[in-house]
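Nothing in this text is a laboratory measurement; each read-out follows from the coordinates by a stated rule. In this text the structure is predicted, and so the values were computed from the model without any measurement. Note that we place each Cβ from the backbone using ideal geometry, even for glycine, and neighbour counts take in every protein chain shown.
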Amino acid sequence: MRLLKTILLSLLTLAQIALCAEDYYKVLGLDKQASERQIKSAYRQLSKKYHPDKNPNDPTAHDKFVLVAEAYEALSDAESRQIYDQYGHEGLKQRKQQGGSGGGHDPFDLFSRFFGGGGHYGNQPGQRRGHNVEVKVPISLRDFYNGRTTEFQWNKQEICEACEGTGAADRVVHTCQTCGGRGVRTVRQQLAPGMVTQVQMQCDACGGRGKSIKHRCSACGGERVVRKPTLVSLTVQRGMADGSRVAYENEADASPDYVAGDLIVTLFEKEPGLEGEDNPDKVDGVFFRRKGDDLFWREILSLREALMGDWTRNITHLDGHVVRLGRKRGQVVQPGHVETVAGEGMPKWDEDGDSVYHKTEFGNLFVEYTVVLPDQMDSGMEKELWALFQKWRAKKGVDLHKDSGRPEKPVIHDEHEHEHEEL
Ligand SMILES: *[C@@H]1O[C@H](CO)[C@@H](O)[C@H](O)[C@H]1NC(C)=O
Ligand SMILES: [Zn+2]
Ligand SMILES: [Zn+2]
């Protein structure tokens, strides 16, 4: 803190310094209000993007990679960020000259603290790669329909920040005295008198690493890695399939011993919860069932509605818009009838999403009608209905067709429908 003050005071005497170097926030694609997490996440993404191992044919990638590391180091430390915000690059330069801590890491070192593998990955000979990690994330149908940026958490193994992956409290790693850094010891064994063989054994002093430390880091107990809940941001695109997989390159468990594998996320549709968090807008749509790009819904009609028509239903869809169902008076709905409402299904996923290049299309909504008959009728109503049907039976005779109350000659004579009547 005293150091900070002296720097600030010495800088007060300087006039406004012209900034010629690139703005660190811009380098990371952030603004001045960026949170620590955003700074970290920007570094993770950009350092992978510009890593020279991944851009062998782009000579500018190396410079960008170095610049991203520089920007991260300047902005990830609170004190250095404050100086940078007030006095820019010149401020940081002065701080360094006065022996301020932090910064000045090898950019590959910094990279290896995030992704392991000694700062490299890909086709380095003998480079080990960690396992991919699979995570399943439940997503509501509503989010599949509307699309959403959300977050999920998992227990990730990370390289210990306190000791920067060395395992040592002072971050200093020594060469193992016992094995001279080779990780193995050669032991002479006498098999029989006069018969001696040499056996190589793993060095027990350093556990085969060839390195030793004086004091274990208290944060990781010398393990060099720690497991902790990690938030990952996830974009659910409209219309993604149930079971879609999203890969996060090199975002699986990290270790100084290998390059981190990929984190593979499978999105699966979760059962709708009643009311509550899953359905804040209380839409009917959460109870739709999905099959590919189509949606299914069951609607219940009373006997009167099915027989006489003259009804409406307003179903609120997953984004809150209303789908109107209904029949005019005289329009009959058969039990089990399935109505197709075109264009009211799921949005069809497309990599362009909704853009000038592409307009989202939708599947169908299939509405299946169930007709409920009263299990007991009001006696007055029962008598009236009885009388009514008796009157029609007397007039037309007892016959399945005539008893149905249908007119003698259907307006549209459909062969298919006719067959159906004889059943
Ligand atoms: C559905 O909405 C329409 C128009 O707003 C309205 O006339 C009708 O009564 C509503 N039907 C039901 C069952 O709420
Ligand atoms: Zn540690
Ligand atoms: Zn050793």
Listed with the fewest Cβ neighbours within 10 Å leading, Met195, Met346 appear as Met195, Met346
Using just the helices of the chain, give the 222 nm mean residue ellipticity in deg cm²/dmol: DSSP H runs with n ≥ 4 each add -39,500 (n - 2.57), and the total is spread over all residues, rounded to 500.
-8500 deg cm²/dmol
Which percent, to the nearest 5, of DSSP beta bridges fully inside the chain are antiparallel?
75 percent
Relative contact order as a percentage, segment 278-373, C-alpha pairs under 8 Å and 6+ apart, gives 35 percent
Amide H within-cut-off set for Gly222, under 5 Å, with H built and near neighbours excluded:
Cys217
Sorted by chain and number, the residues with a modelled amide H under 5 Å from that of Arg129, at a separation of 5 or more or across chains, are Val259
Whole-Hz ³J(HN,Hα) from phi, Karplus 6.51 cos²θ - 1.76 cosθ + 1.60, for segment 137-148, glycine and proline x:
10, x, 10, 6, 4, 4, 6, 5, 6, 8, x, 6
Go ahead and run the numbers for FRET between Asp170 and Asn57, Cβ-Cβ distance against an R0 of 51 Å, rounding to 0.05.
0.80
Which order results if Val372, Val286 are arranged by neighbouring Cβ count within 10 Å, fewest first?
Val372, Val286
Protection proxy ranking of 57-64, 208-215 - average other beta-carbon atoms within 10 Å, highest first
208-215, 57-64
Mind jotting down the distance between the C-alpha centroids of segment 170-211 and segment 297-328, whole Å?
80 Å
How high is the relative contact order of the chain, given as a whole-number percent (alpha carbon pairs under 8 Å, six or more residues apart)?
13 percent
What residues qualify as long-range amide H neighbours of Ala252, i.e. H under 5 Å apart, gap of 5 or more or another chain, H built at 1.01 Å from N?
Gly261, Asp262, Leu263
Among His120, Thr360, Leu307 - extreme Cα towards positive end, dipole of the chain, charges at beta-carbon
His120
In terms of the charge dipole of the chain, which places +1 on Lys and Arg and -1 on Asp and Glu at the beta carbon, the residue among Val265, Thr316, Ala394 farthest towards the positive end is Val265
Along Cα→Cβ, 7 Å out, is where each label goes; now give me the distance between the ones at Asp31 and Arg188 in nm to one decimal.
7.5 nm
For every other residue with a beta carbon closer than 15 angstrom to the beta carbon of Ala219, add +1 if it is Lys or Arg and -1 if Asp or Glu, then tell me the sum.
+1
At R0 = 22 Å the Cβ-Cβ FRET efficiency linking Leu307 and Val341, nearest 0.05, sits at 0.50
Need the full-extension length gain, Thr316 to Arg216, defined as separation in residues times 0.36 nm minus the C-alpha distance. One decimal, nm.
30.0 nm
Based on the Cβ-Cβ distance from Asp242 to Val196, what FRET efficiency comes out when R0 is 56 Å, to the nearest 0.05?
0.25
Loop-resident GluC sites (Glu not before Pro) in segment 157-220 with no more than 14 other Cβ atoms inside 10 Å, DSSP not H/G/I/E/B, are Glu161
